[in-house]
Amino acid sequence: MSSAAPVTGPSPQTPNGDLARVRDAFQAARQELIQKYRQSLRPDSLLHGLRRLVDRTIVQLLQRHPLPAGTALAAVGGYGRGELYPGSDIDILVLLPSAPTAETEAAVSDLLTALWDIGLEPGHSVRTIEECLSEARADITTETALLETRWLAGSRSLVRRLSQELLAQLDPRAFYRAKLLEMQRRHMRYDNTPYALEPNCKESPGGLRDLQVILWMARAAGFGRSWKQVADNGLLTPDEARQLRRAEQAFKRLRIELHLLTRRREDRLLFDYQAALAQAYGLQATAGRRPSELLMQRYYWAAKVVNQFNAILVQNIEEHLFGQPNEAAEEIDEDFVNRRGQLDIQLDDAFERKPTLLLRAFLVMQQHPELHGMSVRTLRAIWHARTRIDAQFRANPVHRKLFLTILQQPRGIVHELRRMNDLSILPRYLPPFRRIVGQMQHDLFHVYTVDQHILMVVRNLRRFTMPEHAHEYPLCSDLIANFDRHWLLYIAALFHDIAKGRGGDHSELGAIEVRRFARQHGLEREDTQLLVFLVRYHLLLSSVAQKQDITDPEVVGEFARRVGSERYLTALYLLTVADIRGTSPKVWNGWKGKLLEDLYRRALAVLGGQVHSASAVLNQRKKEAVHLLRLAGLRDDAREALWDQLDVAYFLRHEASEIAWHTRHLYHRVNDPEPVVRARLTETPDSLQFVIYAPQRHDLFVRLCAWFESKQLSIQDARIHTTRHGWALDSFVVLAPGTPSELRAQLTVFEHELTEALTRPALPRTTEGKSPGRISRRSRAFPLTPSIKLHPDERGEAWVLSVSAGDRPGLLHAMAQVFARHDVALHAAKVVTLGERIEDTFLISGPAMGSGRRQLQFEEDLLQVLRD
């Protein structure tokens with residue numbers, strides 16, 4: 001091209017009317033491409049079509065807004081690669097033969113303005129070749145974007161020269177190291193997992209970017225620019241290339257759908273979009289699963305494939321680039337060798353010749369701590385041979401023995417189970433497990449897929465056995481150390497949620513599965529019965545501890561009867577702690593841990609033969625409380641005035657230490673009309689205990705809830721008692737933000753402020769209708785239908801109200817207002833928060849209970865609050 005000729009030639013400025021016609025034509029053509037995509041669902045057709053459309057439009061604008069002679073206009077990044085998503089920026093490079101002049105800057109500004117005016121969003125840079133090369137040397141991201149440079153207009157020779165000089169200065173080894181470090185840092189930003197609740201389909205591990213990185217590395221190393229070329233050069237088999245191509249197309253379509261849905265560049269699969277995306281894919285709900293859960297399972301399966309091939313190919317490219325020293329491999333046995341600390345196979349077709357090695361490879365990894373991974377050859381061979389695991393393989397007694405042996409090893413159980421899952425060996429060997437791989441649970445408290453949650457539970461159980469983690473849960477570590485054949489707990493963990501998503505009771509269905517597994521693997525009858533019990537009742541201890549009054553001897557006695565033995569109780573306790581800890585970091589807290597341990601110890605006493613009748617418990621608690629009061633210097637007769645006003649229910653529902661604490665602060669103020677408030681730290685570092693003593697009033701619980709909410713103190717347990725002479729003696733355990741020392745410093749302030757709040761006049765009625773706080777995005781995207789169950793308690797003296805709903809700030813306060821409006825008296829409350837979901841239990845009474853019409857209105861008002 002002549003140096004005197006401007007890019008596309010001179011032309012007058014585009015009139016507004018012409019620009020509008022260009023914009024309208026562009027938008028019409030864009031919509032036509034999208035409509036064609038909707039019919040074909042071929043991502044590349046849309047991506048390439050949008051690229052060609054933008055190319056033509058830019059050239060058309062250059063007719064009206066030419067660049068100076070000798071310059072070139074090039075596409076870079078994804079646009080340069082020829083892939084343009086509906087919401088992507090238009091990355092362009094104005095390449096100059098020399099430093100820019102005022103004329104150049106004005107011309108570029110005119111072109112960019114025109115691009116913005118027709119609805120395109122250009123990302124631009126204006127550089128000379130020398131500046132491009134300098135920036136490429138300094139920044140790997142810039143270098144990668146420039147590698148995708150594609151000529152659009154102007155000087156072809158200038159663009160060609162840039163590409164040639166970029167390749168000339170490209171160091172494949174340095175490029176590989178930089179891209180690997182960049183990828184590792186990116187993975188760290190996304191917690192090194194493809195299984196995030198709201199993954200980024202482009203940037204998360206196993207996403208589109210990982211596929212692009214593989215191709216960039218391969219291209220820099222001279223292996224080609226496409227999956228076919230990479231396969232032709234021996235880095236991939238044709239089947240692997242096809243699998244990666246399918247995964248790539250799946251991710252491309254997903255990203256396209258996200259951009260079309262949000263009408264912008266959005267690569268995150270946020271909760272807000274997952275249901276609409278599932279609808280765009282035409283997914284239908286099943287008996288036990290939402291369409292969004294089916295969508296996410298597809299995503300996780302694709303990400304898992306990419307993640308696996310990413311590990312294989314990156315290692316493969318590294319070996320080709322850097323070579324490996326010709327060290328003699330150390331033979332492990334006739335099938336495996338240790339090659340530079342990696343497990344390698346003696347023969348390429350080892351797993352095809354001996355399918356048994358598909359399990360034994362993982363056992364060898366456990367038994368040889370000097371091995372730190374598997375070679376590319378081993379990983380690839382296992383992946384390709386995984387289909388050899390069929391019904392006949394699973395029925396082989398040798399393989400069944402091998403699988404149990406893996407679970408019985410002293411080390412490496414969790415690492416190898418995870419590796420088996422990643423390579424699809426575990427899902428192949430346990431067909432029920434295959435159904436829950438990548439299955440999300442939109443229940444507002446699980447934050448892992450079912451398979452990842454199960455492996456997390458196994459990990460937690462393993463940590464109980466390790467001395468370095470004994471300080472975390474001393475009781476669990478002590479119990480598992482004395483638990484014979486504790487590997488049975490790992491089987492229970494593998495099966496406890498294995499029937500999720502089928503519809504029906506997953507505990508019962510899981511019990512059927514684990515019984516079948518135990519029978520097939522030749523387990524003893526007593527071990528089989530233990531496993532069936534653990535899977536069927538894995539929610540029992542948690543449910544009783546968090547939803548029932550475990551100070552009630554009858555509740556503890558019934559629970560102990562259902563468990564039946566100390567061995568079963570210990571196994572259930574260990575599994576429950578590991579299960580809750582593996583659900584979500586938000587679900588576990590010290591108070592829940594104390595409830596579980598208290599129930600365990602009380603049930604253990606009953607199973608050990610200790611008399612646990614109400615009268616025995618009553619006498620024992622009073623005796624212990626008297627002893628504590630004497631130690632505190634309180635005379636025996638001093639307590640009588642208070643204790644005379646307390647009935648049996650009070651002594652049964654409070655520990656001896658709580659009774660003594662209450663008595664020390666209240667014995668001299670039995671008839672005091674002024675409220676008494678005391679607070680103290682509990683045994684757990686994240687909670688406080690309050691006792692409130694005041695004349696009874698109908699809005700007392702409402703006021704207390706309002707004050708706790710204002711201080712961001714989350715009520716976990718409430719015990720409401722009315723003395724014989726009409727005073728309220730209420731006890732609360734609350735979760736509190738802050739360290740123990742910070743909380744201790746605030747105790748006096750809390751006592752003073754709550755006392756003041758209780759002495760102030762009642763709030764105006766208008767404030768009672770105040771709307772609770774905002775709900776989370778997850779709760780909004782996957783709303784939980786509120787449910788209420790109301791029935792008389794076993795004694796017929798009160799009513800048990802069970803509530804399940806999505807959580808939000810101020811919800812308990814709003815429920816308390818409904819109680820007050822209907823004159824419902826609260827006797828006890830168990831407040832259970834599971835992530836973003838509440839499962840609360842209240843013991844209540846009042847004139848509305850038992851009256852059909854009034855009870856129905858109470859339930860309707862409560863449901864309305866739960867829905868708001």
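The values are calculated or read from the model by the stated rules, or taken from the named source; none is laboratory data. Here the structure is a predicted model, which is why all the values come from computation and not from measurement. Because the Cβ atoms are built from the backbone with ideal geometry, glycine has one as well, and the counts that use them run over all protein chains shown. Please note that ligands, DNA and RNA were not included when accessible areas were found on the heavy atoms of the full protein model with its side chains. Shrake-Rupley method; radii C 1.70, N 1.55, O 1.52, S 1.80 Å.
Numerical summary
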read-out	value
Any chance residue 683 is open to solvent by 30 Å² or more (accessible area, probe 1.4 Å) and not in a loop (DSSP other than H, G, I, E, B)	no
Identity of the residue in segment 541-561, more than 17 Å from residue 581 (Cβ to Cβ) and open to solvent by less than 20 Å² (accessible area, probe 1.4 Å), that ends up nearest to the chain's Cα centre (by Cα)	544
Number of the condition not met by residue 609 [criteria: (1) in a loop (DSSP other than H, G, I, E, B); (2) farther than 20 Å from residue 828 by Cβ; (3) within 33 Å of the chain's Cα centre (by Cα); (4) not hydroxyl-bearing (Ser, Thr, Tyr)]	(3)
Top-ranked residue of segment 802-828 - restricted to ones that are open to solvent by 30 Å² or more (accessible area, probe 1.4 Å) and assigned to a strand (DSSP E or B), ranked as nearest to residue 696 (Cα to Cα)	825
Checking residue 322 against (1) in contact (Cβ under 8 Å) with a residue 60 or more places away in the chain; (2) open to solvent by less than 10 Å² (accessible area, probe 1.4 Å); (3) aromatic (Phe, Trp, Tyr), the condition it does not meet	(2)
Residue list for segment 132-156, restricted to those being assigned to a loop (DSSP other than H, G, I, E, B) and either touching a helix residue (DSSP H, G or I) at 6+ places or on another chain (Cβ under 7 Å) or open to solvent by less than 30 Å² (accessible area, probe 1.4 Å) (or both)	148, 149, 155
Residue in segment 854-862 that is open to solvent by less than 20 Å² (accessible area, probe 1.4 Å) and in a helix (DSSP H, G or I) present	yes
Residue in segment 278-294 that is closer than 12 Å to residue 201 by Cα and buried (at least 17 other Cβ atoms within 10 Å of the Cβ) present	no
Residue ID - least open to solvent (accessible area, probe 1.4 Å), chosen from residues in segment 97-131 that are in contact (Cβ under 8 Å) with a residue 60 or more places away in the chain and under 16 Å from residue 154 (Cβ atoms)	110
Filter pass, residue 440 being part of a loop (DSSP other than H, G, I, E, B) and among the hydrophobic types (A, V, I, L, M, F, W, C)	yes
Long-range neighbours under 9 Å by Cβ, at least six apart or interchain, first residue on the phi > 0 side of the Ramachandran plot within segment 514-531, second among the hydrophobic types (A, V, I, L, M, F, W, C) and assigned to a helix (DSSP H, G or I)	522/404
Tally of residues being within 19 Å of residue 412 (Cα to Cα) and open to solvent by 10 Å² or more (accessible area, probe 1.4 Å) across segment 345-364	2
Helices (runs of 4 or more DSSP H) lying entirely in segment 312-403 (those with 1 or more residues that are in contact with a His (Cβ under 9 Å, 6 or more places away or on another chain))	350-353, 357-367, 391-395
From the options 668, 721, 725, 698, residue that is outside any helix (DSSP H, G or I), open to solvent by 20 Å² or more (accessible area, probe 1.4 Å) and touching a helix residue (DSSP H, G or I) at 6+ places or on another chain (Cβ under 7 Å)	698
Only listed residue being open to solvent by 60 Å² or more (accessible area, probe 1.4 Å), without any contact (Cβ under 8 Å) to a residue 12 or more places away in the chain and under 30 Å from residue 486 (Cα atoms), chosen from 392, 367	392
Top-ranked residue in segment 562-592 [being outside any helix (DSSP H, G or I) and within 22 Å of the chain's Cα centre (by Cα); ranked as nearest to residue 465 (Cα to Cα)]	582
Residue list for segment 406-416, filter: part of a helix (DSSP H, G or I) and open to solvent by 30 Å² or more (accessible area, probe 1.4 Å)	415
Residue check, residue 419 surrounded by 16 or more Cβ atoms within 10 Å (Cβ to Cβ), in contact with a Lys or Arg (Cβ under 9 Å, 6 or more places away or on another chain) and under 30 Å from residue 378 (Cα atoms)	no
Complete set of residues in segment 212-260 that are free of Cβ contacts under 8 Å to residues at least 40 places away in the same chain and of a type in the set (Asp, Glu)	232, 257
